[in-house]
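One structure below.
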Amino acid sequence: MSDQAQALRNMIQGRENGDYRQTKIITVTSGKGGVGKSNFTLNFALTLQSKGYQVLIFDADIGLANIDVLMGVSSKYSLYHLLKRERTIQEIIHTAPGGLQFIAGGSGFNDLLRLTEEELDFFASQVELLNGTVDYILFDTGAGLSKETLKFIVAADEAIVVTTPEPTSITDAYAIIKMVHSLGHKVKYRLVINRVSDFKEGKHTADKISMVAEQFLGLNIPALGFVYDDPNVSKAVKKQTPFTLSFPGSAASESIRQIVLQFLNGEKRLSAKQGGMKGFLQKMKNLLA
């Protein structure tokens, strides 16, 4: 709470000086369940944070929210309590191992889709308080293209699509990209191939999706990288600890570090007129209207 309050004070002071960071919104999604999307989101966020960036995870998986389970922590409050005006945005932020901040979603995201204009304005005003207090907000969505997931993909500054080399996973990953594209939405995508046996398999999978997307949809979808299939990942899940913390020397942890480096190498700071929190909230309001 005190850290968050200090961050808000820093944001206000930064605004007065005309120099404060613009929070970037990233949605992490997948075409099907069981590809390791939430585990990737968690460890990606922790590794980003280890590089000096402040990161907040929004667990936006309505049916199977599990970020807190992966971290072995309980979430007393969720988005539901914010929408019911029982708690403020600062009060529903939890701190996990490694200092990572997260907000549990649960049934609150169902309520988000039924907000009145007044309630939506309240939600927007609360979420906007986070702008500048963190560098990145990651929305970990449910698998597949539900109406909730669609909104988070479209409203974010970019979407990371997680898949595996399995044919069904590849097909479903492409399907979600194709469906969003067919609805007329422009989205910046990047690919992560999880559980690859070697570099060749990872590159082949990414190239296959990228080639088809470019040929049939006219989209350029680069790969952020690959995460090697690693028995330490399942060991960490059973221990309810992120594998980058419990097994920092593992192949999977090194994969995440390389992905974060690739991600940061391609990053450009958002200007006040580009995307960010205000752009996200405006798009969300338009989609919920």
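The values are calculated or read from the model by the stated rules, or taken from the named source; none is laboratory data. Please read all numbers here as calculations on a predicted model, not as lab measurements. With ideal geometry, Cβ positions are generated from the backbone for all residues, glycine too; neighbour counts draw on all protein chains shown.
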Sort through ILE209, ILE193 and tell me the only one that's crowded, with 17+ Cβ neighbours inside 10 Å, of a type in the set (A, V, I, L, M), in a strand (DSSP E or B) and touching a Phe, Trp or Tyr at 6+ places or on another chain (Cβ under 7 Å). ILE193
Residue in region 131-146 that is more than 13 Å from the chain's Cα centre (by Cα), surrounded by fewer than 21 Cβ atoms within 10 Å (Cβ to Cβ), touching a residue at least 24 places away in the same chain (Cβ under 8 Å) and more than 20 Å from PHE58 (Cβ to Cβ) present: no
Output the residue which, of all residues in region 105-130 that are at pLDDT below 85 and outside any helix (DSSP H, G or I), is nearest to the chain's Cα centre (by Cα). GLY105
In region 156-166, anything aliphatic (A, V, I, L, M) and within 11 Å of LYS24 (Cα to Cα) is listed as ALA156
Could you give me the residue pairs with C-beta distances under 7 Å whose first residue belongs to region 150-167 and is on the phi < 0 side of the Ramachandran plot and outside any strand (DSSP E or B), whose second residue is buried (at least 24 other Cβ atoms within 10 Å of the Cβ) and polar (S, T, N, Q) wherever it lies, and which are 6+ apart or on separate chains? PHE152/THR27; PHE152/THR141; ILE153/THR27; ILE153/THR29; ALA156/THR27; THR164/ASN194; PRO165/THR205
Read through the list (1) part of a helix (DSSP H, G or I); (2) surrounded by 15 or more Cβ atoms within 10 Å (Cβ to Cβ), then give the number of the only condition that VAL187 fails. (1)
Quickly run through region 167-208 and pick out the residues that are touching a Leu at 6+ places or on another chain (Cβ under 6 Å), under 18 Å from VAL35 (Cβ atoms) and not basic (Lys, Arg). ILE176, MET179, VAL192, ALA206
Kindly state which helices (runs of 4 or more DSSP H) lie completely within region 3-85 and contain at least 3 residues that are modelled with pLDDT under 85 and buried (at least 17 other Cβ atoms within 10 Å of the Cβ). 67-71, 79-83
Region 212-227, residues that are on the phi < 0 side of the Ramachandran plot, in contact (Cβ under 8 Å) with a residue 24 or more places away in the chain and either in a helix (DSSP H, G or I) or within 20 Å of the chain's Cα centre (by Cα) (or both): VAL212, ALA213, PHE216, LEU217, ILE221, PRO222, ALA223, LEU224, PHE226, VAL227
